[in-house]
Amino acid sequence: MEVLIKKDSGQLARAGAEICRTAALEAVQKKGRFTLVLSGGSTPRPMHRLLAREPHLGEIPWDKTHIFWVDERCLEPNDPESNYGQAEEDFLIKIPLPQNHIHPMPATLPPEQGARFYQKTITDFFDIKKGQFPVFDLIYLGLGTDGHTASLFPGQTVLNEKRRLIVPVKGGRPDVNRLTMTLPLINRAKQKVFLVSGSDKARAVKRVVQDRLQEMPAGRVRPEKGKLSWLLDQEAAALLEKPF
Ligand code: 6PG
């Protein structure tokens, strides 16, 4: 597990965008495509905006990139709380990404139906058989003050899901129906990067990164295969004591 501490949220966004560029070039060079998974919330938005500007706009092979989401609120895409809607506004409409390379979660279907639909979207895309788990190249994750990540909230039974890739849940802020990737799917990604900013997250960061509390959903994201990085600004890292 790698912990990288940046001076402020601006440097955090730049470091996050650089990780995306590096991962994209490596994946396309090796496999001819790059599968990227986005989180919602406010933290990744400055990074998303950077991806639509040089050098990332011109250097990331967008024509070979596919974008998925780690979770989504079950709202209309034009709802200000829609993860897809925010990403579309921040960068999707500004990059040369083929429309069929954008794979939003079906947020307007009934949640259980939406979960099954998106699970099939993923299994078809990766052409995998039942019981197998695909390997995404890069997943960005956020951290809630309660230690949640994606839409995996403390105490929920979905934390123990072993089979399904995508499940419906309800909770969070806003407290709405959501679709979320499960831990087995998240954990198989080649690279998982937590992007965490702000003093309000410092306690959760300490409990997950330093204390390794398993009741914190984010603490269940492990580098089973691949790499796990915590990209923090100084405020979010304020309570960490080395070594962690
Ligand atoms: C969501 C996000 C969620 C987010 C954290 C942190 O859809 O709610 O995926 O997991 O990453 O809640 O949110 P902020 O970045 O807004 O603090």
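Those residues that are open to solvent by less than 10 Å² (accessible area, probe 1.4 Å) and out of contact with any Lys or Arg (no Cβ under 9 Å at 6 or more places or on another chain), I need them from the stretch 50-68; list them, please. Let's see the steps before the verdict.
Within the stretch 50-68, the subset open to solvent by less than 10 Å² (accessible area, probe 1.4 Å) is 51, 60, 62, 65, 67-68.
TRP62, ILE67, PHE68 - these are the residues of the stretch 50-68 that are open to solvent by less than 10 Å² (accessible area, probe 1.4 Å) and out of contact with any Lys or Arg (no Cβ under 9 Å at 6 or more places or on another chain).
Quick check on my filter: what residues within the stretch 206-244 are part of a strand (DSSP E or B) and open to solvent by less than 80 Å² (accessible area, probe 1.4 Å)?
Here is the first cut: in the stretch 206-244, the ones part of a strand (DSSP E or B) are 227-233.
Within the stretch 206-244, LEU228, SER229, TRP230, LEU231, LEU232, ASP233 qualify.
Taking the stretch 2-24 on its own, how many of its residues are more than 16 Å from the ligand (Cβ to nearest atom), charged (D, E, K, R) and touching a strand residue (DSSP E or B) at 6+ places or on another chain (Cβ under 6 Å)?
1
Among the residues of the stretch 143-162, write down those that are farther than 13 Å from THR180 by Cα and small (Gly, Ala, Ser).
GLY144, GLY147, GLY155
So if I check each of ALA87, ALA27, which one is more than 16 Å from the ligand (Cβ to nearest atom) and hydrophobic (A, V, I, L, M, F, W, C)? Outline the logic, then answer.
Numbers: ALA87 fails: more than 16 Å from the ligand (Cβ to nearest atom).
Just a single option satisfies the conditions, and that option is ALA27.
Given the criterion more than 13 Å from the ligand (Cβ to nearest atom), open to solvent by less than 10 Å² (accessible area, probe 1.4 Å) and not aromatic (Phe, Trp, Tyr), identify the matching residue among GLY114, GLY144, GLY155.
Values: GLY144 fails: more than 13 Å from the ligand (Cβ to nearest atom); GLY155 fails: open to solvent by less than 10 Å² (accessible area, probe 1.4 Å).
After applying the criteria, what remains is GLY114.
Could you list all residues from the stretch 90-105 that are under 15 Å from TRP69 (Cα atoms), surrounded by 12 or more Cβ atoms within 10 Å (Cβ to Cβ) and either without any contact (Cβ under 8 Å) to a residue 12 or more places away in the chain or touching a Ser or Thr at 6+ places or on another chain (Cβ under 8 Å) (or both)?
Selection gives HIS101, HIS103.
Output the residue which, of all residues in the stretch 30-49 that are within 16 Å of the ligand (Cβ to nearest atom) and open to solvent by 30 Å² or more (accessible area, probe 1.4 Å), is farthest from GLY198 (Cα to Cα).
Narrowing the stretch 30-49 to residues within 16 Å of the ligand (Cβ to nearest atom): 36-49.
Those left that are additionally open to solvent by 30 Å² or more (accessible area, probe 1.4 Å): 42-43, 45-46, 49.
Details: SER42: 11, THR43: 9, ARG45: 14, PRO46: 14, ARG49: 19 Å.
Checking each candidate, the answer is ARG49.
Which residue out of ASP79, ASP124, ASP71 is loosely packed, with under 15 Cβ neighbours inside 10 Å and either within 15 Å of the ligand (Cβ to nearest atom) or farther than 27 Å from LEU50 by Cα (or both)? Before the answer, list the steps.
Values: ASP79 fails: loosely packed, with under 15 Cβ neighbours inside 10 Å; ASP71 fails: loosely packed, with under 15 Cβ neighbours inside 10 Å.
Exactly one of ASP79, ASP124, ASP71 is loosely packed, with under 15 Cβ neighbours inside 10 Å and either within 15 Å of the ligand (Cβ to nearest atom) or farther than 27 Å from LEU50 by Cα (or both), namely ASP124.
Pairs under 6 Å by beta carbon, first residue more than 9 Å from the ligand (Cβ to nearest atom) in the stretch 180-203, partner among the polar types (S, T, N, Q) and at pLDDT 95 or above, six or more apart or different chains?
VAL193/SER229
The values are calculated or read from the model by the stated rules, or taken from the named source; none is laboratory data. Everything numeric in this text was worked out from a predicted model, so none of it was measured. FYI the Cβ positions are ideal-geometry reconstructions off the backbone, even for glycines, and counts take in every protein chain you see. Side chains included, ligands, DNA and RNA excluded: accessible areas come from the protein's heavy atoms. Shrake-Rupley method; radii C 1.70, N 1.55, O 1.52, S 1.80 Å.
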